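Student: Quick one: the structure is below, and I'll ask about it shortly.
The values are calculated or read from the model by the stated rules, or taken from the named source; none is laboratory data. This one's a predicted model, so the numbers in the text were calculated from it and none came from an experiment. Counting neighbours? That spans all protein chains shown, and the Cβs are built from the backbone with ideal geometry, glycine included. Side chains included, ligands, DNA and RNA excluded: accessible areas come from the protein's heavy atoms. Shrake-Rupley method; radii C 1.70, N 1.55, O 1.52, S 1.80 Å.
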Amino acid sequence: MMSDIIRLLPDSVANQIAAGEVIQRPASALKEVLENCIDAGSSDIKVIIKDSGKTLIQVIDDGCGMSEKDASLSFERHATSKIHSAKDLFAIKTLGFRGEALASIGAVAQVELKTKRKEDELATCIQIEGSKVKKAEACQSQNGTNISIKNLFFNTPARRNFLKSNAAELRHIVEEFQRVALVNPDISMSIFHNNKPLLQLNSGSLIERIVAIFGKQYKERLIPVEQKTSEITITGFIGKPQYAKKTRGEQFFFTNNRFIKHPYLHHAIDNAFQELLPQDSFPTYFIYFDIDPQRIDVNIHPTKTEINFQDNQLIYAILRSTIRQALGKFNITPTIDFDQEQSIDLTYFRDKNKPVTNPFLKKDSGYNPFEQSHSSLRNKSNRSEWTELYKSIEGKKTETRSNDIDNSLIPDDSHENSLENKILFQLKNKYIITQVKSGLLLVDQHKAHERILYEKYLKRLEEKKSLSQQELFPQNITLSPSDADILIELEENLKILGFNINQLSQNTFVINGSPAGTKIENTQEFIEDMLESYKSNLVNLNLEQKTNIARAMASKVAVQAGTSLNPEEMAGLINDLFSCQIPEYSPGGQRIVKIIRIVDIDELFKK
Ligand code: ADP
Ligand code: MG
């Protein structure tokens, strides 16, 4: 039998460990347990959540498991197999290292732990309730550890009441899960909530993991980042500027495989993206730092995700330059001087006497790719005519980085510009097709309408301008308890969009009004579908509430494929589309407009 590996930390070390509550909410329990699974060398981790973790957080791993003795010890405070002296605290590269997590969890929940090493015949089963051992016996279980944390804060009602809504707690849970998933792409991981799979991630490369979490559109949206210096290694991905988010969403820093927050370094990225982003949008990034642990000041407060680099300024400069370089390589910043950028001279930064200036960028780069396109579209009224449409698209000609829309999208002849003369037709009741100078313009009608509505709703939500119609007969709907919670949470914003909602009892509501201009045939179904996509947006995309609602509503209300449109409707749709801020892509990032160029059509007839 292998020697037992957990030791009790000496008091002196224990005292060096910042005190504080380890477990504040279901998500913090999940984080601790997941980190233990990683430390145990697992290759497959399954997470089962009930009621946003309030009822159950179960995590099953196939890692090294524990001996009978270690299993009982593991719930003792400052029991850890991972650290023997204070010095180790700073050198430690594993995730958990305080020996506090299981003890804290065992103190505030009903915990059942089943664990088995592969060299042991039998597993050990331990039940703990409010720090009291209720059961400890041999049992049958597979190799690895299976821990169930039930009724968190059952013995501290104040804490339990302090928890946020189910939707909010679930969001925290998914966030923690994602953070762990993003540093362990080689581990297959899945998470289920109330028996529904939220994420099922196969093992694979980092980019595969990102795509599996955030959607396949990310494949073409990301640019790799790589920089190896003697100080630090930086790897990861950044989002192309044109896909920057309206909400602060996918922004991740990891240091030595731990998620961290670092506002100062965040600024370095913002700064590198400077001029490339439209106003009020945020760059996407997944940045991984690898650095000698001696060079970090870790605040070992258990719940802090903040760390500091000893030489923050140096890291700032390296990071900023690395990002510029990555953007430059992909021709996103055409004004960058590559040769200079690639041969980063670190000694330059090290010389503390020299002021840190920016040696890389040409100062006169007044280049703003958005000046010609989005910002000019932004001011267009919805009633723009075809001429305007073409003008605005023509504006894209000068947008050097855009390959999304054909540059030669210019009208054939000026007399063809008026709406009446444009022939629009519908293909399969799905695509609207018309002629432009360079060829055929195809527009996906559903996605186009989604984009139009999305921007309209979002604007309304931001300006808090309510537009309701009392056209509906009051409709009663009944929802599941968790959906009812969400509906209440969204009520204010839904009101702005025109829904007039009154709660009748716990799970029933009466809907008195609907958004102006929206036909809703089945209110119950409409609300359910809307909540469904709201939830999936929340889990998969972590969208901010307004954006999420706008998106969920737009996708529900938008004209579906298969709907026949008359010429005025088609023209209206096209006009409205090109008055949008981002007419090329649906809110979900899918292409709306495509041009089949005449040269490509000619090619078809050459054989
Ligand atoms: P720490 O992770 O800081 O050591 P914890 O309280 O999280 O402290 O865990 C205590 C100990 O229990 C760990 O050091 C480890 O030896 C053991 N342990 C916890 N979870 C697992 C697991 N899933 N697989 C194997 N061992 C585990
Ligand atoms: Mg731990």
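Student: Sort the stretch 119-188 into rounded, prolate or oblate with this rule: let a ≥ b ≥ c be the square roots of the eigenvalues of the Cα gyration tensor; rounded if a/c is under 1.5, and if a/c is not under 1.5, prolate when a/b is larger than b/c, oblate otherwise.
Tutor: Oblate is the answer for the stretch 119-188, as a/c is 1.5 or above yet b/c matches or exceeds a/b.
Student: When the Cα atoms of the stretch 503-607 are enclosed in a convex hull and the volume is divided per residue, what value in Å³ results?
Tutor: Spelled out: Cα convex hull of the stretch 503-607, divided by residues, is 178 Å³.
Student: Quick check on my link table: of 116/150; 31/150; 46/228; 196/519, which ones sit more than 25 Å apart, alpha carbon to alpha carbon?
Tutor: 46/228; 196/519
Student: Which trypsin sites (Lys or Arg not before Pro) in the stretch 101-196 pass both tests, a DSSP loop state and at most 12 other beta-carbon atoms within 10 Å?
Tutor: 118
Student: Residue 552: net charge of surrounding residues, Cβ under 12 Å, Lys/Arg +1, Asp/Glu -1, itself excluded?
Tutor: 0
Student: While we're here: Of all accessible surface on the stretch 489-606 at a 1.4 Å probe, what whole percent is carbon and sulfur?
Tutor: About 47 percent, which is the carbon plus sulfur part of the accessible surface.
Student: Ok, one more. Taking just the alpha carbons, could you work out the radius of gyration and Dmax for the stretch 172-292, both in angstroms?
Tutor: 14.7, 48
Student: Listed highest first by mean packing, meaning other Cβ atoms within 10 Å per residue, what order do 141-147, 490-496 come in?
Tutor: Peptide ranking by packing, descending: 141-147, 490-496.
Student: Rg/Rh for the stretch 473-552 to two decimals, with Rh computed the Kirkwood way over all alpha-carbon pairs.
Tutor: 0.94
Student: Turning to a different aspect of this structure: Take the Cα atoms of the stretch 212-277, find their three principal axes, and give me the spread along each one in whole Å, biggest first.
Tutor: 33, 29, 20 Å, listed from the longest principal axis down.
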